[in-house]
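Asks: Okay, handing you the structure first.
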Amino acid sequence: MLFLVNIIVAGLLAGLMYALVAIGFVLIYKASGVFNFAQGAMVLLSALTFVTLNEHGLPFWLCFIITVGVLIVASVLIEFLVLRPLVNRSPDTLFMATLGLSFVIEGLAQLVLGTDVHQLDLGIPDVPLKLYGLQVSDFDLFTAAVSILLVAVLALLFGKTRVGISLRAVADNTLAAQSIGIRLPHIWRIVWSVAGVVALIAGLLWGNRQGVQFSLSLVVLKAMPVLIIGGFSSIPGAIVGGLIVGATENLADIYIGPLVHGAVSDWFAYILATAFLLIRPNGLFGEKPIQRV
Amino acid sequence: MSQHGTDVLTLDNVESVYGESVLALQGVSLTVPRGSIVALLGANGAGKSTTLKAISNLLGVSRGRVIRGDISWAGKSILGLDPARVVRQGIVQVLEGRHCFAHLTVEENLASGGFLRRPGRRELRRDADRIYDWFPRLKQKRHTRAGLLSGGEQQMVAIGRALMAKPILMLLDEPSMGLAPMIVEEIFDIIQQLNRDEGVTFLLAEQNANLVLHYADHGFVLENGRVVTSGAAETLRQSQDFMAYYFGDGGQAAIPA
Amino acid sequence: MSASKLAGTAHLGGTVSQAPRLSGRRVAILVALILIYGVIPIVGNDYWLNSLIIPTIVMGLAGLGLNLLMGYAGLISLGSAAFMATGAFATFNLLLRLPILPLPVVLILAGLIAGLGGLIFGLPSLRIRGFYLSAPTLAAQFFLTWLFQTYHWFSNNSMSLVISAPRLEFFGYDLSSSRGRYLLVALTAGLLLLLAFAIIKSRIGRDWMAIRDMEVAASVTGVPIARRKLQAYVVSSFFLGVAGALWAFAYLGTADSNTFSLDKSFQVLFIVLIGGSASLLGNFVGAAFIVLTPIVLDILVPVLGLDTYIDQGSIANIEPIIFGALIIFLLIKEPDGLASLFSRTIRALSIWPLRR
Amino acid sequence: ADHANEQLYPLFSYRTGPYAPAGIPQWGGIRDYFNYINSHGGIDGVKVLVQECETAYTLERAFECYERYKHGYQGAQVAALFDTSSGFDATISDEARADKLPVVSVAGGREDAVDGAVFPYQFPVLFDYWTESSIVINYIAKQLGGLDKLKGQKIATVYHDSGYGRDTIEPLAILAKKYGFIDIEIPVPDPGEQQQAQWQQIKQQGVNWVFLRAWGVMTPVAIKTAARVGFPSDHIIGDIWSGSEEDVKPAGSAAIGYKAVTVFPSGSNFAISQTLKKEIIDPGKSDLRDTSKFGSVYYNAGLVSAIIYSEVIHTGHEKFGNRPLTPAEGQWALEHLNITPERVAALGATGLLSPLKLTPEDHEGEPSAKIQQWDGHHWNVLTGWLNGDRALFHDAIFAKAAAYAKQKNLPPRPTLTN
Amino acid sequence: MVRDVSLSFLGVRALTSLSFSVAQGEICALIGPNGAGKSSLLNVINGVYRADSGDILIDDQLFSHPTPARAAKIGIGRTFQNNALFRRMSVIDNVLTGLTRQGKAGFLELAFRLGRYSTEQRIERAQAEDILAFLDISAHRDAIVGQLPYGLQKRVELARALVALPKLLLLDEPMAGMNKNEKAELSQFISDVNRQLGTTIVLIEHDIGVVMGLSHHVVVLDYGRKVGDGTPEEVRRNPDVIAAYLGTRH
Ligand SMILES: Nc1ncnc2c1ncn2[C@@H]1O[C@H](COP(=O)(O)OP(=O)(O)OP(=O)(O)O)[C@@H](O)[C@H]1O
Ligand SMILES: Nc1ncnc2c1ncn2[C@@H]1O[C@H](COP(=O)(O)OP(=O)(O)OP(=O)(O)O)[C@@H](O)[C@H]1O
Ligand SMILES: [Mg+2]
Ligand SMILES: [Mg+2]
């Protein structure tokens, strides 16, 4: 019984880690209706920058600030070189552009910062506290707190505020948004920068777990089903989706895996996500598309 | 006509293309004096919408662009200016065909129109109330998402949203489309009122020639991307030939009575 | 279907149907046919055929498969490679277990089996729309490749789970030389291209595009939505399945489920978007871009003598940067994909001799 | 044909992507060694031309590289192709057979290819995963105090869920049957960034030892997760691809005490390493951008490949004369390769390279490996060269080769005279 | 034809117990202020919306569980207020899509150009060309609809609805964005269709002049209820209608 509880708890905690990556996607989706494939590359870029600076002996906070600076510069460049020339193009095209972007970012990150594997130690103990036999560590609690804080802050920032409304307006109808003077470049720079910071946070926490290396950019694949279940446009949805995916995936690996001679978590989350969509075609919290005739 | 100083908006021999091949405007020149109401007339495909979008620089969306000529506003060229910049200069367009933010509520739609001026909460509310006064129908629907509204209601939202920006020059593309006669009247009353009381300038593309010439000071008639006739509204209205040729049998009977 | 029929109906990309045109186009097509089936097999050497031309054609065919689904019917798929894998594994097992079947029959059957897979994973599309469709298609991607990897029956219990081409012959004619494989690939692609033309020019293609452009209006107009969507999945997966079989056996010679990983699905997607969505020949142009760009970049470096200035590691990382930047550049400059660039060029060329 | 007097070594590298950290030091080792050899006039006077071809660890690009270099490069011939990913040698098997080009995979090829009669052109030299299983089990037995102590022990294999990872399922089943330990198989899906469930299961089942067959990011995550659930790191024995510096460093202090099998022991105290340090590294002629990688597991893996190629060429020279070898001559040389302990010593590679003797029938040589342990900064070798119980698997492996020959309808190879 | 239909969205009533009938072969105009429920009513009739209660009768037969597909099958054609064209397709392809449900040829026949393919293809083309000529848009046959001016798009949409010769044609503001001349032309055309083909037409239009000239029968909605029903003349004099819709000035 305790074992089962532990598996579920571990899954939930893992799910929060997925959610951290997923939130970055949600932000950009909300602002442009685009699935940003480059988010994984952003996670890699930010963690690599941070670690490299840290290895040069800079203090933690300074590394953080400089990395955020780098991400903001990157956002400005992306807006100027990629998004602006592609304004008003179909989401497919933009999705494609983000794929191209991910090549560029990954290449650049490796070119400048190297392909080495780095250790990243945030100094938070990752040893279980053994609370009532539960396998929960300080690090887990920290992750959970960060995720919840992040969701709260972002929900406030992008909720009913001016930025929030402008953001959704842009995603809804760029032409109309332009016609009333919303500055698309401005909005995009803000959103990409915030998404960059989210990527940094995700990168640090994941990097602490698995080391900072290229594979960080692959966590995207884990974020996909989370996003789908939560709904592409909902920040709280990312958290709920993360929890669902994390918990069920672990259970599936342990209880279904042995029946089929293999690890099932590769595909399990996607089948689950499909099942969810059959019931709620726009995810748990996603916005319904509106099309009146 | 082009007396210096009073001119606010001038288009000088503007040519524009879509997708590098369709020549939609072939040298359009026109002038919109400050404080006037100017009508842009013409059959389907004449280039009315293209002209308006060229001014607000929203052609890029449909892969069109201005290839020749100049557009200036208060003496300065606004050609190729970022659309948001154009709006900042006080030029706001209501697009043809009800472009609302479908997922935003009516209230949010209206609010978004006002953002540009960075008003306080209070002011925003007051401005919104003014719109609700003009279009009571919207007040009932203020928390409904705009995408679910009826066609006419959406048109009201689009116009209301543009009004929230308190433009100096308003470009209206077929404002009466899909609106009930009563509301059409209301809209033209608003236009007249804003023009008279606040000096707002209007450039209207409109199919209902009789109606618009009733309110306008001046009219330009487009055909195949060229200005073929222009003149004082009154003169155009009197010209039976012109009315009959472009807009059917013409005459006063066109306004339902 | 004869070549002359193709000449009458073919057009390059775009959705505009054009009336039969000046004979310049027919001449162009004839020249292309001679080139593809006559000249290339004779002059192409092993390297060109094996590593450049064959993969380009096969990936073009895969792009074609996805384009029918995505470009025409507007249904997004990130799982194309799964159906390619299905085709490859089906071909392998059919050839192995039913030795009496001739190769063309096997390829068709394998395509149909992939089509069946498409049908199953396409069912959710009746309820799910837009980018959310990535869920079932990714499920297909991960589930099917997992299936082929986990159950060793699919790879006939081979070590390392690799399947390899059992026999490539066509009525006694051995196709395993690079020339033979080229002809197999080029012929298959040619026939399937004709089929695709016929489909998209018919009511089916129109209905697909109608669904893509506006589903509600399509249903009001009387388009049988569910049936057409599923047909799109089946047809698309059929093409992908055949492409997968060719990829495995006419190109690589062997395959395992890693050959058809998510990366391959993305490549196919690239091809569609770079080549031009809703364009048939564009897929082959897109495939050429995807297949050749990395190689060209790799070959160019020593040719330009860059390797004396930059170390190998940097070169390896500069390549994806250039590749990514090229993609973005193309998206900005050629919104309709390379196909439109291509057809413009062709048009320019075909009127050029008449001009003077 | 301006390189006609040189011997080609086509290097199918991957310097970008998730596996680049494992690749780059290897390419450094290879290039540095040939650089050193060439600066001394080459192998018996024949210089080695290294041509690099980036594969990004994808099959298609490796395949294109193969096509590009199989007939040599500007006159330089290739005597044997050293492949750099285990997927590739399976893919290229038929092609290489048709092209009569020998393909060498150092410590990572398909087991059944040891049968030279069925696979004349494939050389999975030095090591295989079946033997590895046996070495690991033997080592555990030694820790316990004898093979008989294995009975009832719970030994879990945590493996990367792929063809590579599953390779040990069969031999472990055979071993478990023989020694009576309980064989628990736990798959981890690629890439393996999340293993909490698997390790909790291990803890819950009271597993005594873990054999970790990971790849890439899966290794550090496994080590860290083991520490989280409180599984002792010195009871985990990693596979040869889970035993490099890159694998343990990200795991930080959790990795102290962790052990791994190695065919390429790390260190820079081997005689050859010292020479290289003096002649290549210190003068700044190394291919390594980061020379701290010198002497790492992967760097030494590169060295081992380069040394073997040089010895193949050298062997060929003895029969065919001191000139570049053709693929056919390369095959002959491979099948007659004999790197004796004395020769290893002469090469300055004692302790780095185990002696290697190949024959037309046996394309692997006696597989052997060492066990090493991580102390937080370095790998320390705990044992000498260990040999597994190869005889135990002989029949099973050769039966596989025979089955392959049957499926492919391969004619039996004419008996080799020599 | 419409009996006791009610419709609500999240508690907001769009239609309240609405009943009226349209005789076979007549042109019935629906008018009313914006948001009165006119478009919603059309949506209920052809199954885009599901009514909360009430029935639709077609030819005195209960049209149960309407869905867009079934509506299309029994011969209800429709145009939309916000153009609902297939924007990336050519004009002719849009119109041909209107014929899609007529086709009998199966998938294989179409894919391999066998059997009924060529006859059907020929007939379809001819029908589509006829309708294009009829509506005077033949010149734009191969243009991409999304690039046409608004007014022409409306005509294409009408052509698509008409090409299959529906029994009942629902037109939602077909003349919005046209000038007087064009409206007159289209009115003529609609009345021709009605007279020559006997098509029953329900039409939403805000131009009272057009409504007067064209329709046999006018139904007025306000807030989802019927506030007027009768001949054009009756309706126009109805004080409720004037207050709610036409405005006092007229
Ligand atoms: N996106 C586009 N791509 C190509 N051509 C276009 C596009 N939009 C408009 N055009 C062409 O430009 C010309 C002018 O169109 P415009 O929309 O300005 O006409 P309009 O006067 O506003 O007509 P309407 O009264 O129907 O709105 C037309 O010939 C039209 O075909
Ligand atoms: N899907 C929906 N969800 C919510 N409300 C809806 C929906 N469809 C229609 N409504 C509401 O029902 C009312 C009637 O809308 P409808 O579109 O039928 O009006 P209409 O009479 O066609 O008006 P107009 O003349 O402006 O087109 C509107 O207030 C609208 O907001
Ligand atoms: Mg217009
Ligand atoms: Mg309506």
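The values are calculated or read from the model by the stated rules, or taken from the named source; none is laboratory data. What you see is a predicted model, and the numbers here were worked out from it, not measured in a lab. When we count neighbours, we look across all protein chains shown, and the Cβ atoms used for this are built from the backbone with ideal geometry, even at glycine. Side chains are part of the model used for accessible areas, which takes the heavy atoms of the whole protein and leaves out ligands, DNA and RNA. Shrake-Rupley method; radii C 1.70, N 1.55, O 1.52, S 1.80 Å.
Asks: Applying the selection to the range B:96-121, what residues are open to solvent by 10 Å² or more (accessible area, probe 1.4 Å), outside any helix (DSSP H, G or I) and either within 16 Å of ligand 1 (Cβ to nearest atom) or more than 26 Å from A:Ile290 (Cα to Cα) (or both)?
Replies: B:Glu96, B:Gly97, B:Arg98, B:His99, B:Arg118, B:Gly120
Asks: Right, another one. With respect to the numbered conditions (1) touching a residue at least 40 places away in the same chain (Cβ under 8 Å); (2) more than 16 Å from ligand 3 (Cβ to nearest atom); (3) out of contact with any His (no Cβ under 8 Å at 6 or more places or on another chain); (4) open to solvent by less than 40 Å² (accessible area, probe 1.4 Å), which one is the sole condition not fulfilled by B:Val86?
Replies: Failed condition: (1).
Asks: On to the next question. What strands (runs of 3 or more DSSP E) lie completely within the range B:138-242 and have 3 or more residues being closer than 22 Å to A:Ala169 by Cβ and of a type outside the set (Asp, Glu)?
Replies: Once the strands (runs of 3 or more DSSP E) in the range B:138-242 are filtered for at least 3 residues that are closer than 22 Å to A:Ala169 by Cβ and of a type outside the set (Asp, Glu), what remains is B:169-173.
Asks: Checking the condition within 16 Å of ligand 4 (Cβ to nearest atom), surrounded by 15 or more Cβ atoms within 10 Å (Cβ to Cβ) and at the interface with another protein chain (Cβ under 8 Å from one of its Cβ atoms), which residue from E:Val48, E:Val12 passes?
Replies: Numbers: E:Val12 fails: surrounded by 15 or more Cβ atoms within 10 Å (Cβ to Cβ).
So the residue among E:Val48, E:Val12 that is within 16 Å of ligand 4 (Cβ to nearest atom), surrounded by 15 or more Cβ atoms within 10 Å (Cβ to Cβ) and at the interface with another protein chain (Cβ under 8 Å from one of its Cβ atoms) is E:Val48.
Asks: Related question: Go over the candidates B:Gly42, B:Gly35 one by one and state the one that is under 19 Å from the mean Cα position of the chain (by Cα), on the phi > 0 side of the Ramachandran plot and within 16 Å of ligand 3 (Cβ to nearest atom).
Replies: Within the list B:Gly42, B:Gly35, the selection yields B:Gly42.
Asks: Which of the residues spanning the range E:208-235 are open to solvent by less than 70 Å² (accessible area, probe 1.4 Å) and under 15 Å from E:Ser17 (Cβ atoms)?
Replies: E:Val219, E:Leu221, E:Asp222, E:Gly224, E:Val227, E:Asp229
Asks: Something else: As an exercise: evaluate C:Leu101 against (1) under 30 Å from C:Arg228 (Cβ atoms); (2) part of a loop (DSSP other than H, G, I, E, B) and give the number of the one condition it does not meet.
Replies: (1)
Asks: Picking from E:Arg160, E:Arg155, which residue would you name as being closer than 19 Å to E:Gln127 by Cβ, of a type in the set (Lys, Arg) and open to solvent by less than 20 Å² (accessible area, probe 1.4 Å)?
Replies: One residue alone meets the criteria, E:Arg160.
Asks: With open to solvent by 10 Å² or more (accessible area, probe 1.4 Å) and modelled with pLDDT of 90 or more as the only criterion, which of A:Val191, A:Val197 stands out?
Replies: Only one candidate qualifies: A:Val197.
Asks: Among the listed residues B:Val66, B:Val94, which satisfies the condition of being away from ligand 4 (no atom under 16 Å from the Cβ) and either under 17 Å from A:Ile182 (Cα atoms) or of a type in the set (Ser, Thr, Tyr) (or both)?
Replies: Step by step, each of B:Val66, B:Val94 is checked, and only B:Val94 is away from ligand 4 (no atom under 16 Å from the Cβ) and either under 17 Å from A:Ile182 (Cα atoms) or of a type in the set (Ser, Thr, Tyr) (or both).
Asks: Sticking with this structure for a sec: Does C:Ser177 satisfy being over 30 Å from A:Phe232 (Cα atoms) and surrounded by 20 or more Cβ atoms within 10 Å (Cβ to Cβ)? Let's see the steps before the verdict.
Replies: Numbers: over 30 Å from A:Phe232 (Cα atoms): yes; surrounded by 20 or more Cβ atoms within 10 Å (Cβ to Cβ): no.
No.
Asks: If only one of A:Val198, A:Val240, A:Val220 is within 13 Å of chain D (Cβ to nearest Cβ), in a helix (DSSP H, G or I), under 14 Å from the mean Cα position of the chain (by Cα) and more than 24 Å from D:Ala226 (Cα to Cα), which one is it?
Replies: Checking each option against the conditions leaves just A:Val220.
Asks: Write out, first by first residue and then by second, each pair whose Cβ atoms fall under 6 Å of each other, whose residues are 6+ apart or on separate chains, and whose first residue, in the range B:183-209, is farther than 20 Å from B:Ile55 by Cβ while the second is open to solvent by less than 30 Å² (accessible area, probe 1.4 Å) and within 16 Å of ligand 4 (Cβ to nearest atom).
Replies: Hits for this filter: B:Val184/B:Ser176; B:Asn208/B:Ser176.
Asks: Ok, one more. In the range D:139-166, how many are of a type outside the set (Ser, Thr, Tyr) and surrounded by 20 or more Cβ atoms within 10 Å (Cβ to Cβ)?
Replies: Matching residues across the range D:139-166 total 10.
Asks: Mind listing whichever residues of the range E:144-181 are within 16 Å of ligand 3 (Cβ to nearest atom) and in a loop (DSSP other than H, G, I, E, B)?
Replies: E:Leu148, E:Pro149, E:Glu173, E:Met175, E:Ala176, E:Gly177, E:Met178, E:Asn179
Asks: Where the second residue is within 16 Å of ligand 1 (Cβ to nearest atom) and outside any helix (DSSP H, G or I) and the first is within 13 Å of chain B (Cβ to nearest Cβ) and free of Cβ contacts under 8 Å to residues at least 60 places away in the same chain and lies in the range E:146-170, which pairs have Cβ atoms under 6 Å and are six or more apart or on separate chains?
Replies: E:Pro149/B:Asn44; E:Pro149/B:Gly45; E:Gly151/B:Asn44; E:Gly151/E:Gly177; E:Gly151/E:Met178; E:Leu152/B:Asn44; E:Arg155/E:Leu135; E:Arg155/E:Ile137
Asks: Would you check if there is a residue in the range A:21-38 being free of Cβ contacts under 8 Å to residues at least 24 places away in the same chain, farther than 17 Å from A:Ala252 by Cβ and open to solvent by 10 Å² or more (accessible area, probe 1.4 Å)?
Replies: Looking through the range A:21-38, none of the residues is free of Cβ contacts under 8 Å to residues at least 24 places away in the same chain, farther than 17 Å from A:Ala252 by Cβ and open to solvent by 10 Å² or more (accessible area, probe 1.4 Å).
Asks: What strands (runs of 3 or more DSSP E) completely inside the range B:12-89 contain at least 3 residues that are within 14 Å of chain E (Cβ to nearest Cβ)?
Replies: The strands (runs of 3 or more DSSP E) meeting that bar are B:22-33, B:37-42.
Asks: Residue check: is C:Ile57 in contact with a Gly (Cβ under 7 Å, 6 or more places away or on another chain), open to solvent by 10 Å² or more (accessible area, probe 1.4 Å) and touching a residue at least 24 places away in the same chain (Cβ under 8 Å)? I'd like the intermediate steps shown before the answer.
Replies: Details: in contact with a Gly (Cβ under 7 Å, 6 or more places away or on another chain): no; open to solvent by 10 Å² or more (accessible area, probe 1.4 Å): yes; touching a residue at least 24 places away in the same chain (Cβ under 8 Å): yes.
Answer is no for this residue.
Asks: Further question: Could you tell me which numbered condition E:Asp55 fails, if it satisfies all but one of (1) free of Cβ contacts under 8 Å to residues at least 60 places away in the same chain; (2) within 12 Å of chain B (Cβ to nearest Cβ); (3) in contact with an Asp or Glu (Cβ under 9 Å, 6 or more places away or on another chain)?
Replies: Among (1) free of Cβ contacts under 8 Å to residues at least 60 places away in the same chain; (2) within 12 Å of chain B (Cβ to nearest Cβ); (3) in contact with an Asp or Glu (Cβ under 9 Å, 6 or more places away or on another chain), E:Asp55 violates only (2).
Asks: Right, another one. Here's a check for you: in the range E:182-207, which residue that is within 18 Å of B:Glu174 (Cβ to Cβ) and either among the β-branched types (Val, Ile, Thr) or within 16 Å of ligand 3 (Cβ to nearest atom) (or both) is farthest from the chain's Cα centre (by Cα)?
Replies: For the range E:182-207, the residue satisfying everything is E:Glu182.
Asks: Can you tell me which residues in the range E:197-217 are assigned to a strand (DSSP E or B) and more than 16 Å from ligand 4 (Cβ to nearest atom)?
Replies: Answer for the range E:197-217, where residues must be assigned to a strand (DSSP E or B) and more than 16 Å from ligand 4 (Cβ to nearest atom): E:Thr200, E:Ile201, E:His217.
Asks: Looking at this structure, is C:Leu116 touching an Asp or Glu at 6+ places or on another chain (Cβ under 9 Å), open to solvent by 10 Å² or more (accessible area, probe 1.4 Å) and in a helix (DSSP H, G or I)?
Replies: no
Asks: Do we find that D:Glu318 is open to solvent by 20 Å² or more (accessible area, probe 1.4 Å) and in contact with a Ser or Thr (Cβ under 8 Å, 6 or more places away or on another chain) in this structure?
Replies: Numbers: open to solvent by 20 Å² or more (accessible area, probe 1.4 Å): yes; in contact with a Ser or Thr (Cβ under 8 Å, 6 or more places away or on another chain): no.
Spelling it out, it is not the case that D:Glu318 is open to solvent by 20 Å² or more (accessible area, probe 1.4 Å) and in contact with a Ser or Thr (Cβ under 8 Å, 6 or more places away or on another chain).
Asks: Please pick out the residue among E:Ile201, E:Ile208 that is within 14 Å of chain B (Cβ to nearest Cβ) and hydrophobic (A, V, I, L, M, F, W, C).
Replies: Testing whether each residue is within 14 Å of chain B (Cβ to nearest Cβ) and hydrophobic (A, V, I, L, M, F, W, C) leaves just E:Ile208.
Asks: Looking at the range E:1-101, what strands (runs of 3 or more DSSP E) fall wholly within it and have at least 3 residues that are within 16 Å of ligand 2 (Cβ to nearest atom) and of a type outside the set (Lys, Arg)? Can you show your working first?
Replies: Working: elements: E:2-9, E:12-20, E:27-31, E:53-58, E:76-78.
Ranges flagged: E:2-9, E:12-20, E:27-31.
Asks: E:Arg88 - would you say it is open to solvent by 50 Å² or more (accessible area, probe 1.4 Å), closer than 25 Å to E:Leu148 by Cβ and at the interface with another protein chain (Cβ under 7 Å from one of its Cβ atoms)? Lay out the reasoning, then the answer.
Replies: Working: open to solvent by 50 Å² or more (accessible area, probe 1.4 Å): yes; closer than 25 Å to E:Leu148 by Cβ: yes; at the interface with another protein chain (Cβ under 7 Å from one of its Cβ atoms): yes.
So E:Arg88 fits the description; yes.
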